[in-house]
Amino acid sequence: IIFDSQTGDKIAGVGNGKLNLNIDTQGQFAMLGNYELTQATYNFTFMNVIEKKFDIRPNSRITWTGSPYDALLDIKASYAQPTSLYPLLPREISAQPQSTDLRRRYPVSVLMLLTGELSHPQIDVGIEIKDYPRAYPFTTAVPSFEAFVQSNEQEMRRQVFNLLILRQFADL
């Protein structure tokens with residue numbers, strides 16, 4: 001599915017579904033049914049600055065209820081970016097001698113949720129940090145950061161674009 005041929009914004013992959021394709025004698029074409037993506041990618045581009053390939057997660061689907069152009073999206077995708085969690089840590093930690101855990105890169109996923117109409121999808125973003133040390137200061141800093149960006153959409157978008165462009169978190 002090509003969203004924008006100029007930028008290369010598209011979904012490519014395979015899946016399963018039951019689709020009913022109808023063409024009447026007037027040449028009207030209709031599609032009905034669900035298509036679940038099982039192995040797919042979303043090539044995301046933004047202003048010719050960002051071009052990232054997001055992996056579409058299981059249970060993502062496209063639903064047609066008539067016109068092929070009026071499909072409804074329910075797609076969850078992620079882009080893995082190893083990055084340092086150092087900018088998320090309290091300032092007093094940054095003044096202490098450095099340990100390898102503080103500067104190491106950890107897997108962070110930028111999440112993208114595409115919902116609504118195919119022609120004008122609603123795009124929401126998120127951040128998922130799973131594999132980090134289960135010790136202080138990470139056990140307090142990471143959940144605190146996650147709660148903060150969940151409650152502040154502007155900060156969430158700032159952090160997401162920082163991860164996509166600069167491959168690191170912005171300082172808080």
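The values are calculated or read from the model by the stated rules, or taken from the named source; none is laboratory data. Remember, it's a predicted structure, so these values are computed and weren't measured experimentally. Every residue, glycine as well, gets a Cβ built from its backbone with ideal geometry; the counts of neighbours run over all protein chains shown. Surface accessibility is based on the protein's heavy atoms, side chains included, excluding ligands, DNA and RNA. Shrake-Rupley method; radii C 1.70, N 1.55, O 1.52, S 1.80 Å.
Restricted to strands (runs of 3 or more DSSP E) entirely inside the stretch 17-90, those with at least 2 residues that are over 15 Å from the mean Cα position of the chain (by Cα) and surrounded by 14 or more Cβ atoms within 10 Å (Cβ to Cβ) are 29-46, 60-66, 72-84.
For the stretch 141-169, the candidate set comprises residues that are of a type in the set (Asp, Glu) and surrounded by 13 or more Cβ atoms within 10 Å (Cβ to Cβ); within that set, the residue that is nearest to Phe44 (Cα to Cα) is Glu155. The test for being among the charged types (D, E, K, R) and either loosely packed, with under 13 Cβ neighbours inside 10 Å or assigned to a strand (DSSP E or B) (or both) does not hold for Asp101. Scanning the stretch 126-140 for residues that are free of Cβ contacts under 8 Å to residues at least 24 places away in the same chain and charged (D, E, K, R), which turns out most open to solvent (accessible area, probe 1.4 Å)? The extreme case among them is Arg134.
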